[in-house]
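The values are calculated or read from the model by the stated rules, or taken from the named source; none is laboratory data. Small disclaimer: the values here were computed from a predicted structure and weren't measured. We place every Cβ from the backbone using ideal geometry, glycine too, and count neighbours over all the protein chains shown. Protein only, heavy atoms only, side chains kept; ligands, DNA and RNA dropped before computing areas. Shrake-Rupley method; radii C 1.70, N 1.55, O 1.52, S 1.80 Å.
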Amino acid sequence: MIEVTPLTPVFAGRMTGIDVRRPLTPEEVAAIERAMDRHAVLVLPGQDISDAEQLAFTRNFGPLEEGANSGARDSELRLPVVFADVSNLDKQGRIAARDNKKRMAALGNRLWHSDASFRAIPAKYSILSGRVVPERGPDTEFADMRAAYDALDPATKAEIEDLVCEHSLIYSRGQLGFTDFTDEERERFRPVRQCMVRTHPVTGRKSLYLSSHAGKIVGWPMPEARGYLRDLIEHATQREFVYTHKWRLGDLVMWDNRQTMHRARPFPAHEPRDVRRTTLAGDGPTAAQLAA
Ligand SMILES: [Fe+2]
């Protein structure tokens, strides 16, 4: 029997009674979707799955996002291109050197973000499978952006209602001093526009759509926009809105990027970590884009 135990008073749930290695029934798919709409983050423990099983599970919920690896070249990839490699391993399976470019770029995951908010059509769900999990973290923290929105005062809600932000990997990585982009990457990572307030298509709940990829608010002076975004992220990630996931081997964790932000916490650089993400494409853009 499928059961969901809440993990915090506001969001996130632990789901048992599903075996991800087997094809799901339509009822099981519907139960997961209902639980995702409600809890926004689901932890399915004890799912010792292969890449093929993870892909089959993911496809129950819609089309995969193409090229989920944030800009890494195919020749550098350790995993099939439909996976985002969130490990600290290089192509040969060794722990990546501290100054490995892919590793340094991935350190951007330690900033609060919503996956693929730097794409014109951002991600719906992310599904992360823990294959090799170090003893001492890293934890993944999630923030409920619906609860964060609900807690804003009416004046702020009115001010942000129609705001549009520009998101790019260049902004998020730039916050960590990572500016090593080729001309081709600068072109590929050109900012995209996202609305700041999203409404969930099923529940109708509003949420703050924030991410460290956001570096501009359309029509605002840059320093004012950056300060405002920083304040909103600080508000949205107060402890009462956050669930901290401590990984155990075989955990499968899925989250709705439309309703949550997340970040990875630091962990010892010399311990292998192999976590693999599949990502579901969103339904469409959240804001009108500038003509290319
Ligand atoms: Fe992420």
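Below, the figures for the structure above:
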{"read-out": "Three-way shape label, the stretch 79-118, alpha-carbon gyration tensor, a/c 1.5", "value": "oblate"}
{"read-out": "Full-extension gain in nm, Q238 to E76, via 0.36 nm per residue minus C-alpha separation", "value": "54.6 nm"}
{"read-out": "Spin-label pair E33/Q175, simplified geometry with 7 Å Cα→Cβ offset, distance in nm", "value": "3.3 nm"}
{"read-out": "Top positive-direction residue, dipole computed over the chain with Cβ charges, set Y125, S168, V4", "value": "S168"}
{"read-out": "Accessible surface of the stretch 244-292, 1.4 Å probe, proportion on carbon and sulfur as whole %", "value": "56 percent"}
{"read-out": "Estimated FRET transfer efficiency when R0 is 22 angstrom, pair A52-T25 (beta carbons, to 0.05)", "value": "0.70"}
{"read-out": "Cα-Cα P(r), the stretch 124-255, percent of pairs per 10 Å interval", "value": "11, 33, 35, 19, 2"}
{"read-out": "Rounded FRET efficiency, nearest 0.05, which uses the C-beta distance separating R265 from A97 and R0 of 22 Å", "value": "0.55"}
{"read-out": "Gyration tensor verdict on the stretch 1-63 (Cα atoms; rounded if a/c is under 1.5, prolate if a/b is larger than b/c, oblate otherwise)", "value": "prolate"}
{"read-out": "FRET efficiency for H200 and E159, using Cβ-Cβ distance with R0 set to 30 Å, rounded to 0.05", "value": "0.90"}
{"read-out": "Cα-based Lys proximity count in the chain, under 19 Å, for pairs eight or more positions apart or on separate chains", "value": "5"}
{"read-out": "Cα-based shape type of the chain, given that a ≥ b ≥ c are square roots of the gyration tensor eigenvalues and the cut on a/c is 1.5", "value": "oblate"}
{"read-out": "Area accessible to solvent at R265, 1.4 Å probe radius, in Å²", "value": "80 Å²"}
{"read-out": "Label zone at A291, where the point sits 7 Å out along the Cα-to-Cβ direction: the stretch 180-201 residues whose backbone N lies under 14 Å", "value": "none"}
{"read-out": "Label-point gap, in nm, between R186 and W220 - each point 7 angstrom along Cα→Cβ", "value": "2.6 nm"}
{"read-out": "Fully extended contour minus Cα-Cα distance, from L249 to T16, at 0.36 nm per residue", "value": "82.3 nm"}
{"read-out": "Simple Cβ-charge dipole of the chain, Lys/Arg +1 and Asp/Glu -1, about Cα centre, in debye nearest 20", "value": "460 debye"}
{"read-out": "Distance between the stretch 125-194 and the stretch 227-275 - C-alpha centres, whole angstrom", "value": "11 Å"}
